[in-house]
Each structure stands twice: as C-alpha cells, then as structure tokens.
Amino acid sequence: MKAATVKEAGDSMEQGPERSTRQVILTLIKTRGERSVAELAKQLGVTEMAVRRHLNVMERDGLVRTKLVRQAMGRPTNVYSLSDEADELFPKNYHQLALDLLEELDTTEVEALFAKRQRKLYERYRERMQGKTLPERVQELAGIQNASGYMAHWRETEPGLYELSEHNCPISQVAAPYQEACSCELALFRQLLEAEVERTECLAKGGGKCVYRIQDIG
C-alpha cells in the first residue's frame, strides 16, 4: 500500500501530528491483520525507528499487543495486533442490531425487556447506595453513569434540591423510538436514590441533554 493510500484509510479518524500516524497504524492492523515493524514501515513510507516509537506508545496505552513469531529463515520477529480496547475505537453498529431485534417483539415484550434491564441494574448498584445520604447517592449515581459514557455531573441547586445532568446518551438511538428505555431509567433512578426524581429535559426527545430534578422524599 502506498503512503497516500494509507493516509486515505485514516482520513475518517481524528487527525493530529502524532495521533494521526498512530491512527493510520491502527487502521492498517485492523484492515491487514498482524503486522511487523518492517511491514508497517514499508506501508507507511517511514523508518522502522519511527514505527517502533509509535508502537511503544501504543503498547504502553494498551492499544496494541505483540507476540514473537518464528520464521522459516532468519531470526524470530515481533508482530503487532490490536487489543480489545483499540478495536472499540472503530465504528460499531450495535444500536441497529438492537433496533432490529426490538422490532421483532410486540409492545408487551418490549416493556418486559426494559423492565428486566431495570431490575438487573438495580441489583447491580443498590449496595453502592447503602448507608449514604441523598447528596452522596446522587454523586454515586453520577459516577455510575459516567462509567457508562453518559458524561454526567450533578449539583445542589438549593438546599435539599439536586440536579443531575447527562450530556451524552449511549442508548439514544434506541431510546428515541422506544421510550420504555427512558421510563425505566427514570424508575431506576428513583429506586437507587430513594427520592423524588423528575426528568425535565431528554436527549432522546430532542433536548440538549438529559436533566433530572431530585428531591428528598421526606
């Protein structure tokens, strides 16, 4: 592959002086399979030393892994492959699969499916809420949501009243046609926080973010 062609393979990914070269290396390994330093250097049109420098950084960051491969002639050589973390950097179409599966269910089955997910998440996280005050539970919930990619933050708007905002919704493409997802999330928050929770803005309904108004039941 010529250097110009390699550049085209990485054009859809984020560009930058160092990052773009590493992204092209990732793209080459993704599309061509395991690569040696010599193979990558030839395909990129750069020196093997430059490739090793990038690979060392990527291996440190957990994006590539290496193994020693014996050859019919000559010394064994290291070849590089993508880690699971690096594979997640490439586009996925999970939401379409989920939508296709949901379309095969009737309304009752869809509601039951999301309700089951709600129960599962409650069982997973309820122990993390035990013994905490309401603001501590809100903070814990923000941490849980952030770990799932929701870009959440919270604040106390006035004494005893809190606001949780989510600037990203990883399931928005499913939640838009299936509002059961949003309803079950709201119910889950009420269970985990043991508080009055009202959603005042919703990404899946065209809002700029998801916003929850939280108040102690007492």
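The values are calculated or read from the model by the stated rules, or taken from the named source; none is laboratory data. This one's a predicted model, so the numbers in the text were calculated from it and none came from an experiment. Here the Cβ positions follow ideal geometry from the backbone for every residue, glycine too, while neighbour counts run over all protein chains shown. Remember, those area values only see protein heavy atoms, side chains included, never the ligands or the DNA or RNA. Shrake-Rupley method; radii C 1.70, N 1.55, O 1.52, S 1.80 Å.
Quick look at the values:
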quantity: Matching option when the condition is more than 20 Å from the chain's Cα centre (by Cα), assigned to a strand (DSSP E or B) and under 29 Å from Leu101 (Cα atoms), among Arg199, Arg213; calculated: Arg199
quantity: Candidates Met129, Met58, filtered to the one that is closer than 23 Å to Cys184 by Cα and in contact with a Lys or Arg (Cβ under 7 Å, 6 or more places away or on another chain); calculated: Met129
quantity: Hey, Leu141 buried (at least 17 other Cβ atoms within 10 Å of the Cβ), part of a helix (DSSP H, G or I) and at pLDDT 95 or above or not; calculated: yes
quantity: Meets criteria (over 20 Å from Ser172 (Cα atoms), modelled with pLDDT under 90 and surrounded by 14 or more Cβ atoms within 10 Å (Cβ to Cβ)) for Thr21; calculated: yes
quantity: Residue that is least open to solvent (accessible area, probe 1.4 Å), among those in the stretch 71-126 that are under 17 Å from the mean Cα position of the chain (by Cα) and either more than 27 Å from Thr31 (Cβ to Cβ) or of a type in the set (Phe, Trp, Tyr) (or both); calculated: Phe90
quantity: One residue from Tyr162, Tyr150, Tyr212 being open to solvent by less than 70 Å² (accessible area, probe 1.4 Å), out of contact with any Cys (no Cβ under 6 Å at 6 or more places or on another chain), modelled with pLDDT under 95 and among the aromatic types (Phe, Trp, Tyr); calculated: Tyr150
